[in-house]
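Take a look at the structure below.
The values are calculated or read from the model by the stated rules, or taken from the named source; none is laboratory data. Keep in mind the model is a prediction, meaning the values are calculated, not measured. Cβ placement follows ideal geometry from the backbone for every residue including glycine, while neighbour counts extend to all protein chains displayed.
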Amino acid sequence: MSITVQHVLDALKYVDDPDLKKDLVTLNMIKDVEVNGKNISFTVVLTTPACPMKDMIHNACMNAILHYVDKEANVKINMTANVTTKKEKDETTLRDVKNIIAVASGKGGVGKSTIAANLALGLARQGAKVGIVDADIYGPSQHIMFGVEHDAPGPGEFNGQKKMAPVISYGVKINSIGFLAGPNQAIALRGPMATKALSQLFYDTVWGELDYLIVDLPPGTGDIQISLCSQVPLTGAVIVCTPQPVAISDARKGLALFQLPQVNVPILGLVENMAWFTPEELPDNKYYIFGKEGVKDLSEEMRLPLLGQLPLVQSVREASDIGRPAVLQETTPQAIAFMELAQNVAQQVAIKNAETVVLN
């Protein structure tokens with residue numbers, strides 16, 4: 001019996017997406033099936049290029065073909081990512097940006113910018129094309145954390161108009177108002193001017209093709225957050241908080257902002273930063289300086305994913321100060337924790353995008 005395209009599709013119906021618990025054919029993730037004798041090829045369209053389950057899905061597809069179709073088949077599987085959350089044609093500089101993720105916090109001092117920088121680099125290290133916007137207008141820091149505080153955006157062009165070309169560091173495209181202000185210069189902008197500056201960071205920068213654009217928001221629930229939600233097509237938001245009850249109280253307000261009907265931005269999950277302190281000389285000890293598992297408890301109460309618990313480690317702060325984020329340390333516990341955070345965020349983005357595909 002000769003192999004047909006339908007035989008291949010029927011076999012792949014036995015392969016479920018690990019997160020969505022539905023088969024790849026139903027989710028419309030199988031494309032370009034070709035059969036030539038015993039030679040079978042097809043494409044699996046992942047919902048995110050940094051999908052942590054890529055190898056698992058690849059192996060499951062291979063096994064399904066060999067088991068249900070022909071054990072002697074020569075199978076070629078192309079794993080790609082081509083799903084975007086945008087529904088309308090976009091002719092702005094964000095046209096080729098697939099996912100925009102806001103990193104927010106209810107209060108300052110919880111390490112939001114450190115999380116944003118390491119998240120961006122963590123996604124980039126998984127093979128994604130990544131950019132970051134430092135939308136913390138009054139307290140920009142990404143240009144320092146990426147070690148490019150003495151750089152500046154170059155000239156760019158988009159649709160015949162003069163724009164800015166982002167600064168690139170460690171493969172991540174960056175723009176920040178910090179490039180435009182000196183180290184001793186106050187950024188004194190009233191609400192409308194701050195909103196305009198935010199818009200320029202997004203729409204006057206030639207981002208090119210990106211899988212993820214990370215947005216480092218200022219703390220709180222003010223003009224910048226509201227303007228972002230109304231001006232920029234956000235895929236979702238990540239909320240950063242420490243376990244301290246005071247911080248959690250403010251995090252609830254941040255969550256509530258994104259969940260307002262007129263805002264309606266999906267919450268991808270919560271990050272518990274400074275979850276515990278482990279001294280270098282006592283690597284097996286954990287001291288819960290800001291309280292224990294407060295954000296974990298909040299995530300369970302709100303039925304939101306806990307994306308990661310990051311320790312309070314001196315080297316993380318030092319890495320940010322010298323412009324080489326801690327995720328680049330590779331083998332340290334904190335670097336591994338940041339990579340797991342990036343994988344978990346990518347997973348949640350994949351779920352949101354797949355849900356959008358199914359609904360549409």
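Out of Q259, Q244, which single residue is under 21 Å from V345 (Cβ atoms) and of a type outside the set (S, T, Y)?
Matching residue, one of Q259, Q244: Q259.
Restricting to strands (runs of 3 or more DSSP E) lying wholly in segment 100-191: which have 2 or more residues that are within 15 Å of the chain's Cα centre (by Cα), of a type in the set (A, V, I, L, M, F, W, C) and crowded, with 20+ Cβ neighbours inside 10 Å?
Those strands (runs of 3 or more DSSP E) span 100-104, 130-134, 172-176.
Among the residues of segment 1-27, which ones are under 28 Å from L268 (Cβ atoms), modelled with pLDDT under 85 and not charged (D, E, K, R)?
Of everything in segment 1-27, those that are under 28 Å from L268 (Cβ atoms), modelled with pLDDT under 85 and not charged (D, E, K, R) turn out to be P18, L20, L27.
So that you can scan it fast, the table gives a plain yes or no per residue for (1) surrounded by 14 or more Cβ atoms within 10 Å (Cβ to Cβ); (2) touching a Gly at 6+ places or on another chain (Cβ under 7 Å):
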position: V238; (1), (2): yes, yes
position: L257; (1), (2): yes, no
position: L282; (1), (2): no, no
position: G294; (1), (2): yes, no
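Would you confirm, using the coordinates I've provided, whether Q262 is polar (S, T, N, Q), surrounded by fewer than 20 Cβ atoms within 10 Å (Cβ to Cβ) and within 16 Å of G236 (Cα to Cα)?
Yes; evaluated as a whole, the condition is true for this residue.
Taking the residues in segment 67-104 that are touching a Ser or Thr at 6+ places or on another chain (Cβ under 7 Å) and modelled with pLDDT under 90 as candidates, determine which candidate is farthest from T235 (Cα to Cα).
Restricting to residues being touching a Ser or Thr at 6+ places or on another chain (Cβ under 7 Å) and modelled with pLDDT under 90, the top hit is T80.
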